[in-house]
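Trainee: What follows is a structure written as structure tokens; I'll ask about it next.
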Amino acid sequence: MKRALMLLLCCICGYGLVRAAPCRGDAGKGETKASAAAAAAARVQSAVLQQSIEKSLKSSLAENLKTAAENEDLKKKLTDLERYSRGLATLSNNLKAENDEMKNALIQLKGSYEKAGELEKRVKELEEKNAELTAKNATVAGVIEKMTAEEKSLQGALDANTIEQHNRELQAKIQEVYLRDSLLTKELSKAVAARQSYVRECGLLHYNLGCMLFKAGDYARAVKEFRKAVDFDPLNADAFYNLAIIYDDYLADNKTAITCYRRFIDINADSRSLDPAVANQIKKKILDAELRERSKIASPVDATMR
């Protein structure tokens, strides 16, 4: 652009000098013709330069239009990103509300231990709710990943933008998006903690239900509940001990009883909270069960049945 303006000024100055040449009468006719020819050449050169300037101006205008279009595209992407953030915040609030509902449900469930059948039904509902919450958490993680990709793409476009003021404004908005993302991450951490609390509560409910069934003499169903308890909490030593007692004293399943006894000892060994006297008593039970298992003598009748 500057180069075209300089050429235009040179052309105008040159053209003015040619026209300002004095005329000296008949003696200067030859010089007048030469000046006229030079003026004509200057006018041709001026026309060529004018065309070059117009072409430069058109090119500069096209570049400005392209920059404006790129800025509009960036604004549109930023608007989409803000809409993603608002949707993500709404989803986080919904998850928090669902976690509150689950906590209230657990409080109500604790007050109805005496109704074993109703308790089992409610536990199943909570398990389904947990599966739904897990799926929603996965969806939120996918949205966060997509939002992060959009932020990186937008940041790359901003780095290429030569308009400094507009770039600063967009950078400020990006910082706001990062702040929202940080708040959302905290909310997700709370949701994960709530889910872990829910898992512990479910394990405890299954354990208590197993104890109720054990006291009622329903050993088969008690085994199922204790198994569910250790599925939720693999470090529930008491549940393994109760399983060992049922298999050892009531179901005559020596091998499974031995496995549960050993699991009980391993868990307490890790925590170093087992009384040595209790540990010796459990080891004696394991030896007795092993002896009973080894003392089984296969009779001909048993062999035929097998």
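We did not get these values from a lab; they are worked out from the coordinates using the rules stated. It should be emphasised that the depicted structure is a prediction, and the values quoted were computed from it without experimental measurement. Note that we place each Cβ from the backbone using ideal geometry, even for glycine, and neighbour counts take in every protein chain shown.
Trainee: Excluding same-chain residues fewer than 8 positions from residue 75, which aspartates and glutamates have a Cα within less than 17 Å of its Cα?
Mentor: Output for residue 75: 150, 151, 159, 164, 169, 176.
Trainee: Mind listing the phi-derived Karplus ³J(HN,Hα) values for the range 47-62, rounded to whole Hz, using 6.51, -1.76 and 1.60 with θ = phi - 60°, and x for any glycine or proline?
Mentor: Running phi through 6.51 cos²θ - 1.76 cosθ + 1.60 with θ = phi - 60° gives 5, 5, 5, 5, 4, 4, 5, 4, 5, 5, 5, 4, 5, 5, 5, 4 Hz.
Trainee: Follow-up question, since we're still on this one. Around residue 291, what is the net charge, scoring Lys/Arg as +1 and Asp/Glu as -1 over all other residues with Cβ under 12 Å from its Cβ?
Mentor: My count for the surroundings of residue 291 gives +2.
Trainee: For the range 170-287, build the charge dipole from Cβ charges (+1 Lys, Arg; -1 Asp, Glu) around the Cα centre, then report which of 177, 247, 217 sits farthest towards its positive end.
Mentor: Positive-most Cα among the choices belongs to 177.
Trainee: Taking 30 Å as R0, compute the FRET efficiency from the Cβ-Cβ separation of residue 215 and residue 132 and round it to 0.05.
Mentor: About 0.35, to the nearest 0.05.
Trainee: Rounding to the nearest 20 debye, state how big the charge dipole of the range 172-249 is about its Cα centre with +1 on each Lys and Arg Cβ and -1 on each Asp and Glu Cβ. Each step should come with its number before you reach the end.
Mentor: On the way: 11 positive and 11 negative charges, 74 e Å.
So the dipole magnitude of the range 172-249 works out to roughly 360 debye.
Trainee: So if I take the centroid of the Cα atoms in the range 228-279 and the same for the range 30-95, what is the distance between those two points in Å?
Mentor: 79 Å
Trainee: Can you give the FRET efficiency to the nearest 0.05 for residue 73 and residue 231, using r as the Cβ-Cβ distance and R₀ = 41 Å?
Mentor: My answer for the efficiency is 0.20.
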